[in-house]
1. Only residues that are crowded, with 16+ Cβ neighbours inside 10 Å and in a loop (DSSP other than H, G, I, E, B): list them for the range 220-237, please.
2. Report yes if Pro362 is over 28 Å from Phe241 (Cα atoms) and either touching a residue at least 24 places away in the same chain (Cβ under 8 Å) or surrounded by fewer than 21 Cβ atoms within 10 Å (Cβ to Cβ) (or both), otherwise no.
3. Here is a check on your reading of the model: is Asn209 within 29 Å of Val410 (Cα to Cα), modelled with pLDDT under 95, outside the structural domain of Tyr356 (by TED's automatic domain parsing) and not aliphatic (A, V, I, L, M)?
4. Quick check: anything in the range 77-85 part of a loop (DSSP other than H, G, I, E, B) and surrounded by fewer than 16 Cβ atoms within 10 Å (Cβ to Cβ)?
5. Does Ile27 satisfy the condition of being under 30 Å from Asn233 (Cα atoms), buried (at least 23 other Cβ atoms within 10 Å of the Cβ) and within 20 Å of the chain's Cα centre (by Cα)?
Amino acid sequence: MSKIAIIGGGIAGSSIGLYLAKLGLDITIFEKNESLVSGPPICHLHAGGNLYREISDQSCITLLKQSIDILKMYKNAVDFRPTVLAIPKRDDGNVEDLLPRLDLLKNEYKKLINEDHSNKVLCDESDYYKLYTKEDMLRLKEKASIQVPNNFDDYMISIAKNVDLEKLKFPLILVQEYGLNIFRLAAKCMLEFETIKNSKISLNTKVTNILQVNGEYIVEYKKDKKIQKEEFNYIINAAGFKTGSIDDMMDLKVNRLVEFKSAYVTKWNNNNELWPEVIFFGKRGTPAGMAQFTPYPNGHFQIHGMTKDITLFEEGLVKNSKNSSQPSLNKKFLNKIYKSWSKEDINTRTNRSIEYIKQYIPTFDDISVASKPLYGAQQIPGDDAELRTADVSFDKNKYARCEIVKASSVLTMSDLIVKDLISYGMFQKDMYKKRDFLYKSDIKDEDITKKAQDLCKQRDYPLSLASRNFAFNKCFDK
């Protein structure tokens, strides 16, 4: 049996690990942290890429296809609620500019359903998105609040009652873009690995060197303060923002960016309604950057403000040097990643995020800082900071480099790695794109919730972040 080393247990390393282990390979995941999938914040499925006006139509189609696949693999980690897209009056964009892409995605979704009915996981294709005029919103504003939405209009009542409609261009767009819960996804992966005998998860482990000997690889790693060695037939670099350090060990020089980002966890103390996610568009990195308002149960909301004093950071985006494939983050960001945030920094940036949201949601009051931020550094291959679709590259024999920018890319990445393994005789050809087994699981939803809550405790986040808001979804069996 071929032995595969996967360096990094984030969503990329864990997903490809499950894929290969279920296909029968002997896999070992080396992860420096004490649990899997603990990297940069994930909150959105990106089923169509509608949060990003700047990316190409083809990238949006790619994200749609990939998101359907990952939804089927991690359905227990998906929050089935729609997203509202709003363009502020101060923004240069127009709603009419978004409609051709939405129609393109709706038609593409219909094609995918016709090809395979199991792809019908977002909604009926005719309901992929819906427009709301100002008159629609004023009508909904007069309706009573609904605790548990039963249809699209019900979701919009909270928007109508709380959002400053005078600051927005119309129509508003409700689109079937769902949430993706990092704690539940991590829990699902860890529970799945417990059932697979041909997998080994080595936590609290740091890979220190890789040697190539007679066509095989010797991985040196530090665990329990001891340096150990192990031989493998194939290396998968899924080391996240440290991907470049593994490339350096492999004597490969590759250009990439690394960006440190954070999102802020708040508690709306007098609001327990089930909200959609809300996106207020804006130009990234400017004082009027996009605002993202992501709901969790029990009045918790995660906030992104794509400005340099909220989600983004001055000097937070760095490029590698000529002498190394690994971009060098400022020490202040490494301290946040490896040590902790100061209480002052947590409060300052979270309160900025609250004030940023209040310009659009003036009723967002009686808010408390719920925890430290969700944070991390993300690798971006090449030199385009706006890249949103990437998966895997092969620059050396028996070596795959995974650099997903969005979580939805993990199965595309996995397929390509299987194809490469087939070329080395480690799999039969008929194993390429064999995925049905990934969509079946005996893990119970309540076990995932319990494990996700344990991870929230371990990482010092509110337990509500381990749960989902179950509400209206007429086409997916929850």
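The values are calculated or read from the model by the stated rules, or taken from the named source; none is laboratory data. Keep in mind that what you see is a predicted model, and the values were worked out from it rather than measured. We place every Cβ from the backbone using ideal geometry, glycine too, and count neighbours over all the protein chains shown.
1. Of everything in the range 220-237, just one residue is crowded, with 16+ Cβ neighbours inside 10 Å and in a loop (DSSP other than H, G, I, E, B), namely Asn233.
2. yes
3. It is false that Asn209 is within 29 Å of Val410 (Cα to Cα), modelled with pLDDT under 95, outside the structural domain of Tyr356 (by TED's automatic domain parsing) and not aliphatic (A, V, I, L, M).
4. no
5. So Ile27 fails the test.
Quick grid of which residues meet (1) buried (at least 23 other Cβ atoms within 10 Å of the Cβ); (2) of a type in the set (A, V, I, L, M); (3) not in a loop (DSSP other than H, G, I, E, B):
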| residue | (1), (2), (3) |
| --- | --- |
| Glu34 | no, no, no |
| Ile42 | yes, yes, no |
| Ser59 | no, no, yes |
| Leu64 | yes, yes, yes |
| Gly93 | no, no, no |
| Leu99 | no, yes, yes |
| Leu102 | no, yes, yes |
| Lys130 | no, no, yes |
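Yes or no, residue by residue, for (1) assigned to a helix (DSSP H, G or I); (2) farther than 23 Å from Glu108 by Cβ; (3) under 28 Å from the mean Cα position of the chain (by Cα):
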site: Ala144; (1), (2), (3): no, yes, no
site: Gln147; (1), (2), (3): no, yes, yes
site: Asn150; (1), (2), (3): no, yes, yes
site: Asp153; (1), (2), (3): yes, yes, yes
site: Ile157; (1), (2), (3): yes, yes, yes
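Here's the yes/no breakdown for (1) outside any loop (DSSP other than H, G, I, E, B); (2) in contact (Cβ under 8 Å) with a residue 12 or more places away in the chain; (3) not assigned by TED's automatic domain parsing to the domain that holds Ile361:
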position: His46; (1), (2), (3): no, yes, yes
position: Leu51; (1), (2), (3): no, yes, yes
position: Ile68; (1), (2), (3): yes, yes, yes
position: Arg90; (1), (2), (3): no, yes, no
position: Lys110; (1), (2), (3): yes, yes, no
position: Leu140; (1), (2), (3): yes, yes, no
